[in-house]
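Below: one structure, written as structure tokens.
The values are calculated or read from the model by the stated rules, or taken from the named source; none is laboratory data. Small disclaimer: the values here were computed from a predicted structure and weren't measured. For neighbour counting, all protein chains shown are included, and Cβ atoms are generated from backbone atoms with ideal geometry for every residue, glycine included. Surface areas here come from the heavy atoms of the whole protein model, side chains and all, with no ligands, DNA or RNA. Shrake-Rupley method; radii C 1.70, N 1.55, O 1.52, S 1.80 Å.
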Amino acid sequence: MATYYLYGTVLTGEAVAANNRGDNMGNITTLQKVFLGDDVHTSVSAEAIRFAIRYRFQLEQLPVNRQFVDGKLIYEDEKRAYLEASLKNILIDDDLMGYMDAAAAKVEQEDEAAESNGKKAKGKAIKRQSPLAVSRAVSLRPYRGELSFNAVSGEKEKGKLSLYGAEMHTTEYQYSFGLNLNDVAVKEHIGHFIDAIADMPPVAGNHSRFAYDFSPASIVLRVTSAHSPKIQQCFVHDDEIRGYRIDRLVRRVESGDIPASELILGGEVSDTPGGLKLKEFGVYCSKGVVEALNEAKRRIAALDEEFAVLNPS
């Protein structure tokens, strides 16, 4: 069987991004930044997005190996002994996110014995490569230096900071993901991942206080056997129309670099000039994000009998 992938690029709605102040952050809270083209953009880490996806599995009360409770990580089976017999019962977070538990040689005598024999003592690593890849989220609009200044409430204490500032950014964010469908051991987990993209819990960011809606306002999906997505960073801000364009994606479909039959558009992008143009080329377009994601499930279910459990019907 060929190797199949689900690729996606998500564009959030426009909102104000800012980190609240933590106790040990000094008097300025900053947003992470990257260069894109010639401009500075704010960014949210891929790790924060992956954590939110994993945490949604917990919130949905799916069996998970690692739970986040009261600021602590609690493992059901940190050594993954439950996987020694088979991967058929692998928990969803271990299946999609992968894991690695690396242990050095347990006893110093092992090191000494190995060195006396001219060998290097070896530890043991229990690992599974994640079939899911997630990019950093990058702001659609360049950062313009938005700042706010505030004062802590209550009685001011000598020697403690009472004034602080925070960077803010009014923008949309876009991020991409890729999922190797063949490498997911339990195919039902693919459906739960797709549901998580549609209904993302808060993405933590710095100090777990990044209150921003990371659910898709628009989404571009591709179900394919191609090993490169070719849909990353497909949304580009346009100052003139006070919105965005997807010209690069239109050109790639028009040139035949991406087959129109592999693409799915959902949400606000379907009503843009670029979305309407892609619809003319035969791209599936839906006004709803959830319906677009359900279409992805249907296409994956049709790839092979082992994916049939994903059919929404």
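Within the stretch 126-149, residues that are at pLDDT 95 or above reach partners that are open to solvent by 40 Å² or more (accessible area, probe 1.4 Å) and part of a loop (DSSP other than H, G, I, E, B) with beta carbons closer than 7 Å, at six or more positions or on different chains, in the pairs Pro131/Asp183; Ser135/Gln232. The number of residues in the stretch 131-149 that are under 19 Å from the mean Cα position of the chain (by Cα) and either of a type outside the set (Gly, Ala, Ser) or outside any loop (DSSP other than H, G, I, E, B) (or both) comes to 9.
Would you say Gly13 is outside any strand (DSSP E or B), open to solvent by less than 40 Å² (accessible area, probe 1.4 Å) and modelled with pLDDT of 95 or more? Spelling it out, Gly13 is indeed outside any strand (DSSP E or B), open to solvent by less than 40 Å² (accessible area, probe 1.4 Å) and modelled with pLDDT of 95 or more. Scanning the stretch 150-174 for residues that are modelled with pLDDT under 85 and part of a loop (DSSP other than H, G, I, E, B) yields Val152, Ser153, Gly154, Glu155, Lys156, Glu157, Lys158, Gly159, Lys160, Leu161, Ser162. Considering Asp238, Asp247, the condition of being loosely packed, with under 13 Cβ neighbours inside 10 Å, closer than 29 Å to Thr170 by Cα and within 26 Å of the chain's Cα centre (by Cα) is satisfied by Asp238 alone. Of everything in the stretch 53-75 that is out of contact with any helix residue (DSSP H, G or I) (no Cβ under 8 Å at 6 or more places or on another chain) and within 15 Å of Gly98 (Cα to Cα), the residue that is surrounded by the fewest Cβ atoms within 10 Å (Cβ to Cβ) is Tyr75.
Residues of the stretch 259-284 that are within 24 Å of the chain's Cα centre (by Cα) and surrounded by fewer than 19 Cβ atoms within 10 Å (Cβ to Cβ): Glu268 alone. Of all residues in the stretch 204-230, those that are more than 23 Å from Val269 (Cα to Cα) and either modelled with pLDDT under 95 or buried (at least 22 other Cβ atoms within 10 Å of the Cβ) (or both) total 8. A residue that is within 30 Å of Phe68 (Cα to Cα), modelled with pLDDT of 95 or more, in contact with a Gly (Cβ under 8 Å, 6 or more places away or on another chain) and not hydroxyl-bearing (Ser, Thr, Tyr) occurs nowhere in the stretch 188-196.
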